[in-house]
1. Condition test on CYS151, is it out of contact with any Ser or Thr (no Cβ under 9 Å at 6 or more places or on another chain), exposed (fewer than 15 other Cβ atoms within 10 Å of the Cβ) and touching a residue at least 12 places away in the same chain (Cβ under 8 Å)?
2. Given the criteria over 20 Å from LEU266 (Cα atoms) and touching a residue at least 24 places away in the same chain (Cβ under 8 Å), does ALA213 qualify?
3. Among the candidates ALA260, ALA211, ALA220, which residue alone is closer than 24 Å to LYS112 by Cα, under 17 Å from the mean Cα position of the chain (by Cα) and either assigned by TED's automatic domain parsing to the domain that holds PHE149 or of a type in the set (S, T, N, Q) (or both)?
4. Which condition breaks for THR185 when tested against (1) in a helix (DSSP H, G or I); (2) over 15 Å from the mean Cα position of the chain (by Cα)?
5. Within the bounds of the stretch 127-147, is there any residue that is surrounded by 14 or more Cβ atoms within 10 Å (Cβ to Cβ), touching a helix residue (DSSP H, G or I) at 6+ places or on another chain (Cβ under 8 Å), outside any helix (DSSP H, G or I) and modelled with pLDDT of 90 or more?
6. For ALA236, indicate whether it is over 24 Å from ILE131 (Cα atoms) and not β-branched (Val, Ile, Thr).
7. Report whether or not ASN261 is in a helix (DSSP H, G or I) and exposed (fewer than 13 other Cβ atoms within 10 Å of the Cβ).
8. For residues in the stretch 165-185 being closer than 16 Å to THR216 by Cα and of a type in the set (A, V, I, L, M, F, W, C), which is surrounded by the fewest Cβ atoms within 10 Å (Cβ to Cβ)?
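The values are calculated or read from the model by the stated rules, or taken from the named source; none is laboratory data. What you see is a predicted model, and the numbers here were worked out from it, not measured in a lab. Here the Cβ positions follow ideal geometry from the backbone for every residue, glycine too, while neighbour counts run over all protein chains shown.
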Amino acid sequence: MQTRFWHDCWLGDCALKVTFPNLFHIAVRQDLEVVEAWVEGQWFLEFRRQLNGILWEEWSNLMLLLDEVSLSDGRDEVFWALERSQQYSAKSLYNLMTFGGVQDVQMMLIWKCNIPLKVKIFLWMAIHDRIQCGVQLKKKKWSGPEECFSCDRLETSDHILFQCPIAVFLWSFFRECLGWLLSPTSCSALFLEILTKLRGKKQQVTLFLCAGALWTIWKARNDVVFNKKTMTSPVAIIYKTLMVVKSWRPLLKPNLKPVANEMINLVASNATVAM
């Protein structure tokens, strides 16, 4: 039997019917197999009604995940993910049932963060080096360059988000503004800082703010690549980040809003000085 698109756990940590319940509910074929959904190099899914509102948002997020999938010929193979040998063992199943397995603390923090779902998915992809940067696209036989469009260095996920000049400027500003010892140079360094140095509301709000920064850098990079738009001033990236996090403020829990407002106002006041 081939892998089922909605029911089997083949993309991410749970079945797509759980991650995208509203799309699953209106899918014409809920028993669709992955191989049937991949038609002539494109994903083909049918729904019983037009997608709008939350359905369109789920569809956009699903496409973000599917864009990273690379399929190969041949029958699907089932393996046991809880053992290195990929073979089933009663011991590993017992450990999972009684201890819940080993939790990914970084991802637990991200999934609990009060940010849009598409941004959570983006952060998951960035941490696992799966965003569509030049290096990753080259692995899929992309004909374009694998160098950064802004500085001609090898374009990896960490380069886009932390090492390209515009990203270096933003994280250096955050370092000075928020009192960090060092500017982060990678996803792992950033999340290690947030996990080990911060606690409680400050940890949650700092992640909220950094998620806005990462999302803004990614969107700015895409503007350069696809729309040929460049920023007239490095300070613009700070204000774009502020616009993003302010638009997300309604998603925050009430007890986090005062802390978020204080941190946003701090960034805004420092941005004025930086001009």
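1. Here the answer is yes, as CYS151 does meet what is asked.
2. When the stated conditions are applied, ALA213 does not pass them.
3. Exactly one of ALA260, ALA211, ALA220 is closer than 24 Å to LYS112 by Cα, under 17 Å from the mean Cα position of the chain (by Cα) and either assigned by TED's automatic domain parsing to the domain that holds PHE149 or of a type in the set (S, T, N, Q) (or both), namely ALA211.
4. The one condition THR185 does not meet is (1).
5. Looking for residues that are surrounded by 14 or more Cβ atoms within 10 Å (Cβ to Cβ), touching a helix residue (DSSP H, G or I) at 6+ places or on another chain (Cβ under 8 Å), outside any helix (DSSP H, G or I) and modelled with pLDDT of 90 or more, one finds none in the stretch 127-147, hence no.
6. Taking the combined requirement at face value, the residue does not satisfy it.
7. no
8. Here the answer is VAL168.
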